[in-house]
Amino acid sequence: MRKKCERYIMTMMCLGMMMLFCQRVEADDWIGTWATAPQLVETNNNPPSPYLANNSLRQIVQVSVGGQQLRLKLTNEYSNQSTEIKSVDIALAKTAGSKSDIIEETRQTLTFGGKQSLTMNAGGRATSDPIDFVFDDRANIAITIHFGQVSSNNVTGHPGSRTTSYIAKGNTNNFTGATTTEHWYVIDALETIKRDDQAKAIAILGNSITDGRGSTTNEQNRWADVFSRRLLDNEATKDMAVLNMGIGGNCVVSGGLGPSASNRYMRDLFGQEGVGYVILFEGVNDLGYSPNGVNTANAIINIYKQIISEAHRRGIFVYVGTIMPFKNNSYYSADHEKGRQTLNEWIRGSHDIDGVIDFDKVMQSAGDPEALNSAYLFQNDWLHPNADGHRAMGESVDLTLFTRTDKPEYIDPMVGTERLYMEAENMIVDGYGTAFGVMDDGNVSGGKYVRTVVNTPDLPSSKTRRLKFEFEAGKDTMYYVFARINCGSYDDDSYFIAMDEGDFHRANGLHTGGAWEWKNLSEFVDDGTKAEFFLTKGKHTLYIAGREDGACIDRVCVSSYSVAPTELGDEIDVVDAIKAVRIDSQDAIQSLHVHSDGRVSIDYVAAREDMPVRLSLYQLNGVKIASVSAVVGNSGHGSLTIPYSAPRGLYLCRLMIGDCTVTRKVIVH
């Protein structure tokens, strides 16, 4: 009997220890030690023959901090087909990528929900069960994926790995004679348990410079790697992880390669585990393609302000890197240089930022500060640093920035501000004639938008036959004019704007690539004037005149808040969709859920039967991702699930029941 009791006590103690470990794992003690920013892989970067289907892929990554437990995250975010995985092995690698060899005795097979095999749906992702796995700082870890069915030309991955990956035929761990490719596919992040309560991850949002263009393949000598090693060698920062979220060719505002920073920062910064610091270092690609450098700089600044505000709300410090010079590159012009200087001046002088990393001063030529130091040139492109340049950048970062024990000050930027909205179709007055057309579209605010139907390139001489918005300002302060627009090409991307009795200004370069986006019209004025509207408390009138046919406008917002609306125009609250929440509206009560695979569902109760119901998911800039429709049944009860597995990030979920519309921000973790 005594032995049975002892066995029972020991069993309960073991179970208790297991429960404590599970609780500890679930208590936000995970920290990212390696991560990459996924995108839809371009055609020329897709997996080479023999491709991935029914074959094995070994990929090597070099982590930042070491640990004793590990879990792997996989992603199928941008693929339009499911990805079947038979099994995944993890092991210590013998090299940083130059060879496929592993330390065989360290190899373990991962499980996902207790099973070795898994299928990620289109847009889906997966996290492995944690394992005990001991690895040192900057350890090289081999991830071997044995695939089943997977697309050969629609793959989620990261093209700029700067590390060799190996594809072998069949389900095998023998990579002798394997096909090589310098890209990563499907892998997303490696995470471990914090080894110290003060340990934090530093997430870097960047473009090709951060991604490692100009560094040496398989040497892991990007500037972020140099920075990471310095942190680990420094007693005060030895537990700091570095997560490189750079994407080659990436832009902050729109365009470029991969999802823009404005669309991916929630995922790539705040979707990572254990982040305590953020470094923002992007913008050169936006400037390089800009029709107006200063306007583009201001657009970048506004997005940076959004990121900084969100970071501070979460208790995360933000440091910003100045844009390095690019004279002698095709990106350079006097106008683009003016934009670079505008952006850098703001970075150096802004009170919003917690600190500056002045890469511009580190990397500029002593004889010509608008050009890179010639000693740091990569392939003489005058844009990307070589390996010596990466080392100089990594060595220049002040490590004391990452020893803070205080918290960033968060002031809700919208406190004391106002946003005044007007549907564009309701602004048509003064006998507009044939200047504008009202178009129906159930996916826009109010179900209608206004399209310019005639070209009128000359500056308007009067304020008749214009879009007109009469409003009342609540205080004496600066106001900004935002419009939710859709300008599909550079030939239909401009308007004229005027306030009260003031002159018209030309807002040009509003191209959105065929998507609906909010734009600060004041930022895009390119006629040498300033469209700044310091208004007194009281009544005012905004006028918008068409300039190029084909430009479309859905809604206008006059706001004393300098950041553009990031929703469809509703003032909406954040809903954390880890938990089911109840939302009351005029005609419905809904429970909102986010499933483990990222699908969004709503249960509703409608006041009336036989009404149309639609549930839609949007990006923050208002671009619809997916939707599902139904009709309210006889009971008035129902549920809808959007057939899309959303990746980590922040979205807008809109439920429409008859005339009732409810919109909420949804966080997918």
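Quick check on T464: is it within 30 Å of S627 (Cβ to Cβ) and in a loop (DSSP other than H, G, I, E, B)?
No; evaluated as a whole, the condition is false for this residue.
Going by the structure shown, is S128 surrounded by fewer than 23 Cβ atoms within 10 Å (Cβ to Cβ), free of Cβ contacts under 8 Å to residues at least 60 places away in the same chain and under 28 Å from the mean Cα position of the chain (by Cα)?
yes
Cβ contacts < 6 Å: first residue β-branched (V, I, T), restricted to region 195-213; second residue part of a strand (DSSP E or B) and open to solvent by 10 Å² or more (accessible area, probe 1.4 Å), any location; separation 6+ or different chain. Result?
I202/V242; I204/N244
Report whether or not K665 is open to solvent by 30 Å² or more (accessible area, probe 1.4 Å) and either in a strand (DSSP E or B) or at pLDDT 75 or above (or both).
Judged against the criteria, K665 is a match.
In region 596-643, what count of residues is obtained for those that are at pLDDT 70 or above, part of a loop (DSSP other than H, G, I, E, B) and open to solvent by 70 Å² or more (accessible area, probe 1.4 Å)?
2
In region 441-461, what residues are open to solvent by less than 40 Å² (accessible area, probe 1.4 Å), assigned to a loop (DSSP other than H, G, I, E, B) and over 14 Å from E423 (Cβ atoms)?
Once the filter is applied, which keeps residues that are open to solvent by less than 40 Å² (accessible area, probe 1.4 Å), assigned to a loop (DSSP other than H, G, I, E, B) and over 14 Å from E423 (Cβ atoms), region 441-461 yields only P460.
Can you report the number of residues in region 253-305 which are part of a loop (DSSP other than H, G, I, E, B), at pLDDT 90 or above and out of contact with any Asp or Glu (no Cβ under 6 Å at 6 or more places or on another chain)?
Final tally of qualifying residues: 13.
Would it be correct to say that L74 is modelled with pLDDT of 95 or more, crowded, with 20+ Cβ neighbours inside 10 Å and either assigned to a strand (DSSP E or B) or among the β-branched types (V, I, T) (or both)?
Spelling it out, L74 is indeed modelled with pLDDT of 95 or more, crowded, with 20+ Cβ neighbours inside 10 Å and either assigned to a strand (DSSP E or B) or among the β-branched types (V, I, T) (or both).
Of the numbered conditions (1) of a type outside the set (S, T, N, Q); (2) modelled with pLDDT under 95; (3) assigned to a helix (DSSP H, G or I), D352 satisfies every one except a single condition; which is it?
Condition (3) is where D352 drops out.
Answer yes if at least one residue in region 313-327 is out of contact with any Asp or Glu (no Cβ under 7 Å at 6 or more places or on another chain), surrounded by 18 or more Cβ atoms within 10 Å (Cβ to Cβ) and more than 30 Å from I411 (Cβ to Cβ), and no otherwise.
yes
Are any of the residues in region 79-95 in a loop (DSSP other than H, G, I, E, B), over 30 Å from the mean Cα position of the chain (by Cα) and more than 30 Å from Y644 (Cα to Cα)?
Checked region 79-95: at least one residue is in a loop (DSSP other than H, G, I, E, B), over 30 Å from the mean Cα position of the chain (by Cα) and more than 30 Å from Y644 (Cα to Cα).
Need pairs with beta-carbon distance below 6 Å; first residue in a loop (DSSP other than H, G, I, E, B) and within region 486-497, second among the small types (G, A, S); sequence gap 6+ or separate chains.
C487/A551; G488/G514; D492/G550; D492/A551
Count, please, the residues in region 206-228 that happen to be open to solvent by 20 Å² or more (accessible area, probe 1.4 Å) and aliphatic (A, V, I, L, M).
1
Yes or no, residue by residue, for (1) surrounded by fewer than 23 Cβ atoms within 10 Å (Cβ to Cβ); (2) part of a helix (DSSP H, G or I):
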site: D137; (1), (2): yes, no
site: I145; (1), (2): no, no
site: V150; (1), (2): no, no
site: N171; (1), (2): yes, no
site: F175; (1), (2): yes, no
site: I204; (1), (2): no, no
site: R230; (1), (2): yes, yes
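Does at least one position in region 409-430 carry a residue that is under 24 Å from Y495 (Cα atoms), modelled with pLDDT under 90, part of a loop (DSSP other than H, G, I, E, B) and out of contact with any Gly (no Cβ under 8 Å at 6 or more places or on another chain)?
Yes, region 409-430 has at least one match.
Would you mind finding the one in Q62, Q68, Q81 that is in contact with a strand residue (DSSP E or B) (Cβ under 6 Å, 6 or more places away or on another chain), polar (S, T, N, Q), surrounded by fewer than 19 Cβ atoms within 10 Å (Cβ to Cβ) and touching a residue at least 12 places away in the same chain (Cβ under 8 Å)?
Sole residue among the options that is in contact with a strand residue (DSSP E or B) (Cβ under 6 Å, 6 or more places away or on another chain), polar (S, T, N, Q), surrounded by fewer than 19 Cβ atoms within 10 Å (Cβ to Cβ) and touching a residue at least 12 places away in the same chain (Cβ under 8 Å): Q68.
Return the residues of region 77-93 that are at pLDDT 95 or above and more than 17 Å from F112 (Cβ to Cβ); say none if nothing qualifies.
Answer for region 77-93, where residues must be at pLDDT 95 or above and more than 17 Å from F112 (Cβ to Cβ): A91, L92, A93.
Name every residue in region 319-349 that is of a type outside the set (A, V, I, L, M), over 24 Å from S309 (Cα atoms) and part of a loop (DSSP other than H, G, I, E, B), in order of residue number.
Selection gives P325, F326, K327, N328, N329, S330, Y331, Y332, S333.
Return a yes/no flag: does region 235-245 have any residue that is assigned to a helix (DSSP H, G or I), charged (D, E, K, R) and more than 17 Å from the chain's Cα centre (by Cα).
Yes, region 235-245 contains at least one residue that is assigned to a helix (DSSP H, G or I), charged (D, E, K, R) and more than 17 Å from the chain's Cα centre (by Cα).
Residue-wise test of (1) at pLDDT 75 or above; (2) in contact with a Gly (Cβ under 7 Å, 6 or more places away or on another chain); (3) open to solvent by 60 Å² or more (accessible area, probe 1.4 Å).
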site	(1), (2), (3)
G569	no, no, no
D573	no, no, yes
I578	no, no, yes
D587	no, yes, no
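Do you know which residues across region 462-477 are of a type outside the set (K, R), touching a strand residue (DSSP E or B) at 6+ places or on another chain (Cβ under 6 Å) and surrounded by 13 or more Cβ atoms within 10 Å (Cβ to Cβ)?
Within region 462-477, L467, F469, F471, A473 meet the criteria.
The values are calculated or read from the model by the stated rules, or taken from the named source; none is laboratory data. It should be emphasised that the depicted structure is a prediction, and the values quoted were computed from it without experimental measurement. Counting neighbours? That spans all protein chains shown, and the Cβs are built from the backbone with ideal geometry, glycine included. Heavy atoms of the whole protein, side chains included, go into the accessibility calculation; ligands, DNA and RNA do not. Shrake-Rupley method; radii C 1.70, N 1.55, O 1.52, S 1.80 Å.
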